[in-house]
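Novice: If you scroll down you'll find the structure; I have some questions about it.
Please treat every number below as a calculation from the coordinates, not as lab data. Only a predicted model underlies this, so the values are computations on that prediction, with no experimental measurement involved. A quick note on method: Cβ atoms are made from the backbone with ideal geometry, for glycine too, and the neighbour counts reach across all protein chains shown.
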Amino acid sequence: MPAAPRALLLDVFGTCVDWRSGVARAVRAAAPPGVGVDAGAVADAWRARYQPQLETVRSGARPWVDLDTLHREALDDVLAAHGLDGLDGEARDDLTRAWHRLDPWPDTVAALARMRRHAVVAPLSNGHIALIVALSRHAGMTWDAVLGAEPARSYKPRPEVYLQGVEALGLRPGEAMMVACHASDLVAADACGLRTAFVRRPLEHGPRGAAEEPPEVAGLVADDLGALADALGFDPG
């Protein structure tokens, strides 16, 4: 068996936390009394704007802006399409911060603590540092560093995000493993020379949503983060 990676770099939205349930909960709380709303559909529509918004930065069409800015810009159109355009600016700003208050998957917190006994563990997320700090405190997730889009001044799956994260830890790409439930994340990380692990999150898009399948480049495939720790041979302590 190959030596365990010296660092595990984790995607956060979907891999570590349940974004859909948390955003839908916030949408229901924000809806005015008597206004019927499909909160799950609003969450899905908002998330559907995610990659197009990121692409405005990745493509160079605009300078770097953080994920709160991109989420907030997308929100206005989403609310209008779902009969919630009566929400005022303060309510919209608070709804944007729902992405700071997402709950972890049941296995996440214990698995991260276990992993940190054996390797450096850090998020490599499109969330900016303030967002990831707030989210991690809410969810009880502990890291050794916060890496990802903001330090690299770009968004995954741009290669500089992966390479800057590895470099910041003083490692070579092959000494780090990207962990994600999204195939595109792992394909990009593999192209940069990182090791890869796919974690199944069948409920990321809700009970009727389509679950992603692991890409061919996935070095490991696990049913959750605890199972990944098992596959890496990490003593449960």
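Novice: Using amide H atoms built 1.01 Å from N in the peptide plane, name the residues 5+ places from L8, or on other chains, whose amide H lies under 5 Å from its own.
Specialist: When sequence neighbours closer than 5 places are left aside, the close amide H contacts are V120, V121, A122, M177.
Novice: Compute the helix-to-body angle for 67-81: its Cα long axis versus the longest principal axis of the chain, expressed 0 to 90° and rounded to tens.
Specialist: 40
Novice: Now a separate question. Any idea what Rg and Dmax come out to for the stretch 1-57 if you just take the C-alpha atoms, in Å?
Specialist: Gyration radius and largest Cα-Cα distance of the stretch 1-57: 16.9, 59 Å.
Novice: Separation of the stretch 4-36 and the stretch 193-237 by C-alpha centroid, Å?
Specialist: The stretch 4-36 and the stretch 193-237 have Cα centres separated by 18 Å.
Novice: From zero outward in steps of 10 Å, how is the percent of C-alpha pairs of the chain spread across the bins?
Specialist: With 10 Å bins starting at 0, P(r) equals 8, 33, 36, 17, 5, 1.
Novice: In whole Hz, with x marking every Gly and Pro, tabulate ³J(HN,Hα) for the stretch 185-193 from phi via Karplus 6.51 cos²θ - 1.76 cosθ + 1.60, θ = phi - 60°.
Specialist: Here the 3J(HN,Hα) series is 4, 6, 4, 5, 5, 4, 5, 8, x Hz.
Novice: Given points 7 Å out from each Cα along the Cα-Cβ axis, report the R117 to D93 separation in nanometres with one decimal.
Specialist: Going from the R117 label point to the D93 one covers 4.4 nm.
Novice: Of S184, S125, S136, which has the largest mean-square fluctuation in a 10 Å C-alpha GNM of the chain?
Specialist: The residue with the greatest mean-square fluctuation here is S184.
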